[in-house]
Structures are given as C-alpha cells and as structure tokens.
Amino acid sequence: MEDQAKLLVALQDLDLLIKEARDSDTSTELKEMGFKLDGVAKLQEARDKLAKRIDPQLLNRYERVARSYDRAIVPVTDNFCLGCFVTLPTSYQSLQNKNQILTCESCGRILYFP
C-alpha cells in the first residue's frame, strides 16, 4: 500500500493550486503578472487521478476537514501540530512508526511526520 500521508499532501497541494487559480482576485493578479492560467482542467484531472489512489475513508475524512481549514493535513514538528500549535500526546510518538493516520485532538487536522 502506498504511503497515504504523502498522497494526501500531494492532493492538498493540488487543491490549493486549483483554489488559487479559480479565485477571481488571485487569478486576475497572476494574469497581470504574466502567468497563464489555462491549465486548471489538467490540474483537476490530476487531482481526480490522485484521489482514486487514496483510501476512500481517508479521502472522505480529508475532504471533511478541508471544508474547515485550507490545510487539512499538517506536519508534526517537535511533537507540535503545526495546524494549531498544540502539543500532542506522547503516545503519538510511538504510533507514528506504525503507518497510522493520526488526527490532532485539538483541531481535527490529519497529521503526518516528515
């Protein structure tokens, strides 16, 4: 099984790119700087292909969290959730090596350990 956390991070990056390209204020600004924004359909196609490789339950959880936060999956550094900056329980350190997808108890974001 592929590393689901890495796939989720890639999916989140694509979602942010698509959101930026579709935002009228941002897209106008980018066009004025000389960027072409005609590849949104290709980004969406890549997103759809990537989403098919992610476990459906995990994808559902990601999309649910993404409705509340721009970044639904965040890294853990020094035992802190970098979404809400809360210290995580020490039990998370032992679980990180078991390929479990963990969720921050404070903000609900999906966590990954870089």
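No lab work stands behind these numbers, since they all come straight from the coordinates. This structure is a prediction, so every number in the text was calculated from the model and none was measured. Cβ placement follows ideal geometry from the backbone for every residue including glycine, while neighbour counts extend to all protein chains displayed.
For this structure, a couple of remarks:
- Label positions at T87 and K31, each projected 7 Å from the Cα along the C-beta direction, are separated by 5.1 nm.
- Lysine pairs in the chain with Cα atoms under 24 Å, if 8 or more residues apart or on separate chains: 14
- Rg to Rh quotient for segment 4-112, alpha carbon positions, Kirkwood Rh: 1.05
- Restricting segment 2-61 to GluC sites (Glu not before Pro) that sit in a DSSP loop and have at most 12 other Cβ atoms within 10 Å of their own Cβ leaves E2.
- Axial C-alpha extent at least 24 Å, average Kyte-Doolittle at least -0.5 - helices from the chain (DSSP): 4-22
- Cβ charges +1 (Lys, Arg) and -1 (Asp, Glu), total dipole of segment 35-114, debye: 240 debye
- Along the axis of the charge dipole computed for segment 36-114 (Cβ charges of +1 for Lys and Arg, -1 for Asp and Glu, origin at the Cα centre), the listed residues I73, Y112, Q57 are led at the positive end by Q57.
- Peptides 51-57, 9-15, 76-82 ranked from most to least packed by the mean count of surrounding Cβ atoms within 10 Å: 9-15, 76-82, 51-57.
- Here is the list for segment 11-73: chymotrypsin sites (Phe, Trp or Tyr not before Pro) lying in DSSP coil, each with at most 13 other C-beta atoms within 10 angstrom of its C-beta, are F35.
- Calculated [θ] (222 nm, deg cm²/dmol) that DSSP helices of n ≥ 4 give over the chain, each run adding -39,500 (n - 2.57): -15500 deg cm²/dmol
- Computed extension gain for D70 through K49, at 0.36 nm per residue and net of the alpha carbon distance, reaches 5.5 nm.
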